[in-house]
Amino acid sequence: DLEDFSTRLGAPFHHIDFADDRVTAFDDMRALVDGFDPDAVVLARFMQILPEQLCRDWSGRAINIHHSFLPSFVGARPYHQAYDRGVKLIGATCHYVTSELDAGPIIEQDVIRIDHSDSIADMVRQGRDIEKLVLSRGLRWHLEDRVLVHDGKTVVFT
């Protein structure tokens, strides 16, 4: 979806197909990403579980962002589930990736208040907004070396 956008910006575009052979796809992804030697690897909307070895190799560099409904509303359509339950807060969590799904050291979190007048579409929009804010803060702090991981937790120097 973003090939035209990348091309217009002069940024390289790469597509790796995970449909048929996940092992080869992860190997290809590792080679591509490691070739750039990035300070951070952001897995926003990646929707794949990294192999354990890749989690170890990218430890302290791989960052994920997701809504803060986990583990309450897992799987598809979390905002629909939250709407049905009448939640009053929605939020986002930015964390380092570990081999245990969505259990890595948390870098940043935030929430916003919603109420009964908010539709599912409102919740999704507000959720995406808060995810962008949380990811941008967490990534900035990581890139500025303001995050220290100790005993599975983070200390963030803001």
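Quick look at the values:
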item	result
Highest average packing first - 82-89, 32-39, 120-127, 59-66, Cβ atoms within 10 Å	59-66, 120-127, 82-89, 32-39
Share of carbon and sulfur in the accessible heavy-atom surface of the chain [1.4 Å probe, %]	52 percent
Residues whose placed amide H lies under 5 Å from that of residue 68, excluding near-sequence neighbours	91, 92, 93
Per residue accessible area in Å² of the chain, where ligands, DNA and RNA are left out and the probe is 1.4 Å	65 Å²
Residues whose placed amide H lies under 5 Å from that of residue 42, excluding near-sequence neighbours	63
Cα centroid separation - region 74-104 against region 119-158, whole Å	14 Å
Karplus 3J(HN,Hα) series, Hz, for region 113-119 with 6.51 cos²θ - 1.76 cosθ + 1.60 (x for Gly, Pro)	8, 10, 9, 4, 7, 7, 7
Overall Cα dimensions of the chain - principal axes, largest extent first, Å	48, 37, 31
Under Karplus coefficients 6.51, -1.76 and 1.60, residue-wise ³J(HN,Hα) of region 78-93 in Hz, glycine/proline x	x, 5, 5, 5, 5, 4, 4, 8, x, 4, 10, 10, 10, x, 9, 10
Degrees separating the helix 22-36 axis from the principal Cα axis of the chain, which is the longest one	80 degrees
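The values are calculated or read from the model by the stated rules, or taken from the named source; none is laboratory data. Keep in mind it's a predicted model, so treat the numbers as computed, not measured. Every residue, glycine among them, receives a Cβ derived from its backbone with ideal geometry; neighbour counts consider all protein chains shown. Areas reflect the complete protein model, heavy atoms only, side chains present, ligands, DNA and RNA absent. Shrake-Rupley method; radii C 1.70, N 1.55, O 1.52, S 1.80 Å.
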